[in-house]
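To start, the structure under review is shown below, and the notes come after it.
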Amino acid sequence: MTTSKRRLLTSTLLIAVFTALLNQTLMITALPVMMKTFQASLSLVQWLTTGYVLVLGIITPVAATLYERFSTRRLFLILIGGFSIASALGMVAPNFYILLAARLIQAMMGGVLMTFAQIALLAMFPDNQRGTILGLFSMVVSAGPAVGPTFAGILLARFSWHSLFMVVFVVMLLVGLIGFITLPNLKPAKIIKIDWWSMLLSFFGMGILLIGISALQDQTLIGTIEILGGVSLIAIFARRQLSATAPLLNLKLLRQGTFLRMTIVVMLNFAIMMGTETILPVLLETHRGYSSMTTGLIMLPGALANLILAPIVGRLYDHYGLKWLLISGLILQIIAFIPLWVAATDTSLAWIIIGYTLRMASCALITSVTITESLASFTGTSLSHGTTLSNTGRQVAGSLGNTLLVWALNMMPQITWGFRAAMLLTMIGFFFMVILCWQELDIASKRVSH
């Protein structure tokens, strides 16, 4: 494969993943619009975002299996075609539930596409360029969700919510055309048995868990029962994976200490980022009366900080390692808490912009270095399974972060106190991140000294 063709394919795959992940948060700024359009509550319309992230997490475990099961070209065209059809359905959706169905189909295609692209990119480049590729992919993973709210706000200022689906539809059609012309078969198809029982356990376990968390506010007993049921199904799923000869998710990789710690940090960090992106527009538009356009512009510096920092951090990691980049990200995270805490009051917009920008910058720093560090020791099959496991955990954590922070926002009688309760939840997650990062840095320093 020539260098120019490899670059074209790399750009095409990254644009496809960026679009799928941008679409993940595209509805965030539009949630108040959807509440008004469909006369629905926040708890219901937030599933346009939470459901998308949940399905991403549920479908991602099967991505590595599908990558092996189908030829590269066939799987790529199926994913892009399915995503485009779902986007067209969203454009013409006559009611909320058809709109939600379109979003969930998009998420199914996007979840597989994300892991497919990462594995394909690693297969296209030699091992000595893995850091660069993972850095670019981390940029897309961080920037896509970060840019979504701002992009949506700009569109909604001039067009109806239908435009959110139209833009994605056009981009995916172009990506599919380029892929159809240029994408070779990087590997042949293989006959591989898919563990459908594991898929069902994962789907219903995570689904029931998140529905239970959402139900806690209004139906405490039912919500608690659903949470216990979801956790039980997830436990059965985990046990099945540990005993299977060809698991859907190779959970045995979690026995590797660095991978486990860094994956949990990635999950907590993504939950904080997604949750903050979800509830800030609700506060700004519902409580403070700003338009979708203004809200998008308020969130723009944060999106740009995320977009700019992610690839730079990847290169700095290759030269300087984990320690100081990770510490810098954690420091920015705690500094960002102060202006975000006062955002619930009638504080100036400058404070809100500073707080959100610092939080997005910290998330970019932490995500870039921890994803790369978690996969650093893996090769071959372990790398593809580690990638799948990391992507699965990140998406599920994002869905959980959305659900918990929306629940906290609705739990209080006043939205200002609800927002502060949500910010406290992010600080609890941050506390656990610090503990895990401290352990990892301590172990790494001891490893170097010996």
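The values are calculated or read from the model by the stated rules, or taken from the named source; none is laboratory data. No experiment lies behind these values; they were computed from the predicted model shown. Using ideal geometry, Cβ is built from the backbone for each residue, glycine included, and neighbour counts are taken over all protein chains shown. The area values use the complete protein model at the heavy-atom level, side chains included, leaving out ligands, DNA and RNA. Shrake-Rupley method; radii C 1.70, N 1.55, O 1.52, S 1.80 Å.
Details
- Taking 20 Å as the straight-line reach from the Cα of residue 5, the lysines in range (excluding those fewer than 8 positions away in the same chain) are 187.
- Relative contact order [Cα under 8 Å, 6+ residues apart], the chain, whole percent: 24 percent
- With bins 5 Å wide beginning at 0, the percent of Cα pairs of the range 238-380 falling in each bin runs 2, 9, 16, 18, 15, 11, 10, 8, 6, 3, 1, 0.
- Per residue, the accessible area of the range 91-173 comes to 35 Å² when a 1.4 Å probe rolls over the protein heavy atoms.
- Comparing 257, 24, 429 along the charge dipole axis of the chain, the residue lying farthest to the positive side is 257, per the Cβ-charge model.
- Percent RCO, i.e. relative contact order, over the range 1-148, from Cα pairs under 8 Å lying at least 6 residues apart: 41 percent
- Using the 1.4 Å probe convention, the accessible area of the range 1-54 works out to 34 Å² per residue with neighbouring protein chains retained.
- The range 275-319, accessible surface, carbon-and-sulfur percent (1.4 angstrom probe): 68 percent
- With N as its number of residues, the range 63-210 has a Cα radius of gyration that, divided by 2.2 N^0.38 Å, comes to 1.17.
- Straight Cα distances below 26 angstrom link residue 323 to the lysines 446, with same-chain residues fewer than 8 positions distant left out.
- The magnitude of the dipole of the range 185-282, with charges of +1 and -1 set on the Cβ of Lys/Arg and Asp/Glu and taken from the Cα centre, is near 700 debye.
- Tensor-based shape of the chain (alpha-carbon gyration tensor, a/c under 1.5 rounded, otherwise prolate or oblate): rounded
- Only protein atoms count toward the accessible area here, which uses a 1.4 Å probe; on the range 1-128, the carbon and sulfur part of that area reaches 65 percent.
- Solvent exposure of the range 256-384 amounts to 36 Å² per residue of accessible area, where only protein heavy atoms count and the probe is 1.4 Å.
- Prolate/oblate/rounded call for the range 165-294, Cα gyration tensor, a/c under 1.5 rounded: oblate
- Every Cα-Cα pair of the range 369-443 was included, and the share exceeding 16 Å stands at 64 percent.
- Burial ranking of peptide ranges 41-48, 7-14, 369-376, 258-265 (average Cβ count within 10 Å, highest at the top): 369-376, 258-265, 41-48, 7-14
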